[in-house]
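Okay, structure first, notes after.
The values are calculated or read from the model by the stated rules, or taken from the named source; none is laboratory data. What you see is a predicted model, and the numbers here were worked out from it, not measured in a lab. Cβ sites come from the backbone with ideal geometry, for glycine too, and all protein chains shown count toward neighbours.
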Amino acid sequence: MRACQSESGRAARFHGVSHRSPCVLRHRQHGGGLPIMGSMSSAHDFHATGVTAVVNNDAGGTRTIFKDLSFAVHGGEIVDITGPSGSGKSTLLTSFARLNVNTTGKFVLDGVDSDTLSPQQWRERVAYLPQTSVLIGDNVADAIRLPWSLKIRVSQDHEAAEQKLPDSLIRSTLDSLGCDDIDLARAVQDLSGGQAARVSLTRTLLTHPGVLLADEVDAGLDEENADKVADILRKAADNGTAVVRIRHRKPDGRANRIMVLANGTISPLKTAQSAPSTHTEV
């Protein structure tokens, strides 16, 4: 059982960003030419077992936040994790992405154990999206292309440079996700909090993660923008991505299951009425 490893270097600033060089041809079109982020025919299954978090305390000893937790999420599902502050929700989520050195556990996606992959390879498949959006670039288009730019810079692969996302694909993706109010040429510092959250989410979805871990990405947003973010995540789930959200808001009807993490245990709260799930695993 391996301890989760933290990112190093510049890439550590871009949680939730895959560094896999994209292939534009992976996008399939339907309807009015809108890109699909995945398909239910390739829905993903994620399982975590024996997840334990132990941290140092002020007295020089250690404190166990939780021990031997199990969790599963399937493509097509949104699972919300709620619970009191300090219960370890973000710790649990970062453990799934192998971003937390204080956690251990066994993590399997589509039959592939995380121990068989490098941390970077795993995070290409299991993407962590933090509460605060990190957007770097002169404009929205540059910010969305960041994962591909980083990959090209490291590999010096000029063929990969030619496969950068064209503006047309970025535009159609944003439009399909209800982000038609966002101009590609707009400076990222001029985006509202809600727009920045949706751009960050779109960027992550364009890397095609099997699992998307959303850590309070709607925190601080007004109800309208929080609803738009929830719509994007629901579309991603409907197209085969397994989505896990940490939320402190009241239920929004998008989740298939709601779990409560408290006192070192995780258990079901209820099954969301508007999005029934056939899965029973915790």
Matching residues in region 63-120 (within 14 Å of the chain's Cα centre (by Cα), aliphatic (A, V, I, L, M) and not in a strand (DSSP E or B)) number 4
Being part of a helix (DSSP H, G or I), out of contact with any strand residue (DSSP E or B) (no Cβ under 6 Å at 6 or more places or on another chain) and under 14 Å from LEU205 (Cα atoms) is the filter here; which residues of region 173-194 pass it? LEU174, ASP175
Qualifying positions in region 110-132 - under 17 Å from LEU206 (Cβ atoms) and either buried (at least 21 other Cβ atoms within 10 Å of the Cβ) or touching an Asp or Glu at 6+ places or on another chain (Cβ under 8 Å) (or both): ARG123, ARG125, VAL126, ALA127, TYR128, LEU129
Taking ALA53 as the residue in question, decide whether it is modelled with pLDDT of 95 or more and closer than 19 Å to ILE258 by Cα. no
Need the failing condition index for SER133 against (1) under 25 Å from ARG247 (Cβ atoms); (2) at pLDDT 95 or above, just the number. (2)
Subset of region 197-251 that is of a type in the set (Lys, Arg) and within 14 Å of the chain's Cα centre (by Cα) - its residue that is farthest from PRO268 (Cα to Cα): ARG203
Can you tell me how many residues within region 77-95 are surrounded by 22 or more Cβ atoms within 10 Å (Cβ to Cβ) and either over 17 Å from VAL217 (Cα atoms) or without any contact (Cβ under 8 Å) to a residue 12 or more places away in the chain (or both)? 2
So which residues in region 235-273 are in a loop (DSSP other than H, G, I, E, B) and among the hydroxyl-bearing types (Ser, Thr, Tyr), if there are any at all? THR241
Filtered residue count, region 195-234, keeping only those that are acidic (Asp, Glu), surrounded by fewer than 16 Cβ atoms within 10 Å (Cβ to Cβ) and not in a helix (DSSP H, G or I): 1
